[in-house]
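Heads up: the structure comes next, in structure tokens.
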Amino acid sequence: MNRTILKKFSIIMLAAMILTGCSENSKITPTDAKIQKTKVTENSERSTAEETVKSYYSSEVSKDAQFLSKYFVNPQMSEVGSVKKKLNAFNVNKIEVIKLFNIKKQGNYAVMICAYNTYFQNIQKPRPDVEIVSFVNKNGSWYILNDYGVASDNDVTWLDTANLQEKEFLAESSELQSIIKQNENFDKVNSAFINKGKKAMMEMQISNNSF
């Protein structure tokens, strides 16, 4: 793929994929955002990629969009404003990491598979899901990589290869496939709830044209 195109997209748009994960595709139009300087989020552990992804998920419900955007190497491309609306539409109470799989690192970059649970109001069991997430280290702090523009050609090649290997690992891992099946079962059992959440999202889009 042409590197000019790669610059425009994230390796994995973590924020935009909440409630969809690897089991469903989703397209969200980016919201308007002011240009922000990349800086370390206050009061968060960011010394490793593992700490960063756990901190991001645990903060996603309780923190605002501006706070969450600083977990991304390019804050204005983070789309966290849209994901906060999704969390509200689905009445999400909490998101937490279950386990990290197949962690790969080279230089200032890391790629891993993250399994996580999403907890909803008035639903007893959580919705499990998995994501392939990429990270970059800047000035000693790790960020979710949502902009290829910060990577060199060699790093882009490594990241593409690592992401492909993660997809293969996901497809072959019985533990991860079990999580995906649980995800699909949750959506079947709670189909009325899922449809209600989607309807709420559509109503938000119509009312404020913010998605």
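No lab work stands behind these numbers, since they all come straight from the coordinates. Keep in mind that this is a model prediction, so the values were computed, not measured. Note that each Cβ is placed from the backbone with ideal geometry, even for glycine, and that neighbours are counted across all protein chains shown.
Before moving on, here are some points about what is shown:
- Alpha carbon Rg of the range 101-148, scaled by the compact-globule rule 2.2 N^0.38 Å: 1.50
- Cβ-based exposure ranking for PHE101, PHE135, PHE90, PHE169, in which fewest neighbours within 10 Å come first: PHE169, PHE101, PHE90, PHE135
- Each eigenvalue of the Cα gyration tensor of the range 144-184, multiplied by 5 and square-rooted, gives one semi-axis; in descending order these are 28, 12, 5 Å.
- A viscosity of 1.002 mPa s and a temperature of 20 °C, combined with the Kirkwood radius over C-alpha pairs in the Stokes-Einstein formula, give the range 63-211 a diffusion coefficient of 125 µm²/s.
- Neighbour-count order for LEU164, LEU170, fewest beta carbons within 10 angstrom listed first: LEU164, LEU170
- Evaluating 6.51 cos²θ - 1.76 cosθ + 1.60 at θ = phi - 60° for every residue in the range 163-178, the Karplus couplings come out as 5, 5, 5, 5, 5, 5, 4, 4, 5, 9, 7, 5, 5, 6, 5, 5 Hz, glycine and proline recorded as x.
- Shape of the range 122-197, Cα gyration tensor, a/c cut at 1.5: prolate
- For the range 49-108, the fraction of alpha-carbon pairs lying more than 19 Å apart is 36 percent, rounded to a whole number.
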